[in-house]
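Only one structure is covered here, and it is reproduced in the block below.
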There are 2 protein chains.
Amino acid sequence: MNSAHLAPVQAVDATRSVPLSKVLVDALEGMIVAGEMRPGERLNEQQLAQRFGVSRGPIREAVRALEGAGFVEAVTNRGVFVRRVTVAEVRELYDVRAALFGLAGRLLAERASEATISRLHDLVSAMELAAAERDFDAYYPLNLVFHEAIVDGSGNATLAAQYRAFVKRLTLFRARSLVQGGGLAVSNREHREMVAAIAARDPVWAQEAHWRHVASAKDRLLKVVRTETHGEALG
Amino acid sequence: MNSAHLAPVQAVDATRSVPLSKVLVDALEGMIVAGEMRPGERLNEQQLAQRFGVSRGPIREAVRALEGAGFVEAVTNRGVFVRRVTVAEVRELYDVRAALFGLAGRLLAERASEATISRLHDLVSAMELAAAERDFDAYYPLNLVFHEAIVDGSGNATLAAQYRAFVKRLTLFRARSLVQGGGLAVSNREHREMVAAIAARDPVWAQEAHWRHVASAKDRLLKVVRTETHGEALG
DNA sequence: GCGTGCAAAAATGTCAACACTCCTTCTGCC
DNA sequence: GGCAGAAGGAGTGTTGACATTTTTGCACGC
């Protein structure tokens, strides 16, 4: 990485009872997701160790965890690099995400409580209001909460964890800013249908609606990317 | 772990160019999947280091990777333990696996080559023959190859990797031996339908057929487990 | 006999140093 | 002037040792 965009030696909290490697996983993941370290950039163990005020051991352990999560790629004797996510991989990630989100919708339709359904209703209404007023700053966090409520409400912790992992991996795609803000009206129509399917206790309809919601987000993103880059791979 | 079922100091291949931590990930994962280390058992770093003839550093790195993959669980200052997979988690894993496999079927129906379809046909025929003769030793590897061909043929490497990870995680469930060998005739009827849906180029049908195949395997396993254990959690 | 508390042993968390590999750069030769 | 090869530096791979925490075993007291 460039030492240019690095704060001047900010030691990580030395609070014991939580190992440094765990703290470092969050710290490094945060740096990557926030774009502080860009795709293709190398993670210099010595620099990172000095920056966080630790030795290389915990850094290496944290990096192994990040490797398994798909955030970085290790090359023997060369170092670890922030993964480059190509357009092809974005398509793959969205497809898997669609399948997972579809499952969440299906499970939710089978076992959602009335309170959950009413909460989802409220969130969609709030989002519609924000969208009508073009208030993106209000819309975005609501959208996030809405999706979190769905995967958490599915009652399948494994699914929720996997879904979150894939969403995070998608943030590695540098063109991610292109998609947000687009198609708010379309999104909300889809949100309405999703909640309707859940409220109707129709698992198949719910799965299909949730699946399509992600698929249409994929289509919107790919369409923008294609017109801007003519299909070439970018990281 | 008990030193009882450990071979007397078997050093890991010292071939460089591939880091010890990578080799150890495979070695440890193999030990866990093979049941050499049982759920709940602790992975003693010093013992493992001595056993493989390496220091604790690479062992710890490998363990971090296994933790992310869901094979072990680390407790601060206490050690890492082979994960216990409860019946509830098995249900979760199967549901996610069903979603992933359904996606594989859908993608395959959209883009499978004629050669792939004909290969799947042949595999199903071979499995039917093996099932008719009650030849489990022949059936099992064919079944494995069949499922591998489907996830690989989907053209989605991310999906294939995730699917394999979930299958491996399911092997942590100690009652796994209960399911195999059961319902061969049912399985083959499902296999036939899956291939038929792919050959018909019907993504929705294929997805549904592939989904149901996993769901029915889940039901068979849970039914056996429930009658044997009356629903209590087991690792 | 049983529970409490202390001490020793074991195991994990972390660090600093060494070994080897890869890349850069400089030098010498054609 | 350009290219091949060697020397140097930078960085990863690995190790052994130290510090702290947890566990275990035992003695003591109730």
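The values are calculated or read from the model by the stated rules, or taken from the named source; none is laboratory data. These numbers come from a predicted model, not from an experiment. Counting neighbours? That spans all protein chains shown, and the Cβs are built from the backbone with ideal geometry, glycine included.
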Quiz item: In this structure, does residue A:118 turn out to be within 15 Å of DNA strand C (Cβ to nearest atom) and without any contact (Cβ under 8 Å) to a residue 60 or more places away in the chain?
Solution: no
Quiz prompt | Tally of residues being surrounded by fewer than 16 Cβ atoms within 10 Å (Cβ to Cβ) and either away from DNA strand D (no atom under 11 Å from the Cβ) or part of a helix (DSSP H, G or I) (or both) across the stretch B:17-32 | solution = 2
Exercise. Sort out for me the helices (runs of 4 or more DSSP H) sitting completely within the stretch A:44-143 that have 1 or more residues that are within 16 Å of DNA strand D (Cβ to nearest atom) and surrounded by 17 or more Cβ atoms within 10 Å (Cβ to Cβ).
Key: A:45-52, A:56-68
Quiz prompt | Only one of B:97, B:119, B:134 that is basic (Lys, Arg) and within 14 Å of residue B:159 (Cβ to Cβ) | solution = B:97
Quiz item: Is there a residue in the stretch A:102-111 that is farther than 27 Å from residue B:151 by Cα, more than 14 Å from every other protein chain (Cβ to nearest Cβ) and touching a residue at least 24 places away in the same chain (Cβ under 8 Å)?
Solution: no
Self-check item: Residue pairs meeting the criteria (Cβ under 7 Å; at least 6 apart or on separate chains; first without any contact (Cβ under 8 Å) to a residue 12 or more places away in the chain, in the stretch A:46-61; second of a type in the set (Val, Ile, Thr))
Solution: A:49/A:59
Quiz prompt | Members of the stretch A:11-55 found to be modelled with pLDDT under 90 and over 27 Å from residue A:167 (Cβ atoms), listed by number | solution = A:11, A:14, A:15, A:16, A:17
Quiz item: When residue B:73 is evaluated against the numbered criteria (1) within 12 Å of chain A (Cβ to nearest Cβ); (2) within 16 Å of DNA strand C (Cβ to nearest atom); (3) without any contact (Cβ under 8 Å) to a residue 60 or more places away in the chain, which criterion, by number, is the only one it fails?
Solution: (1)
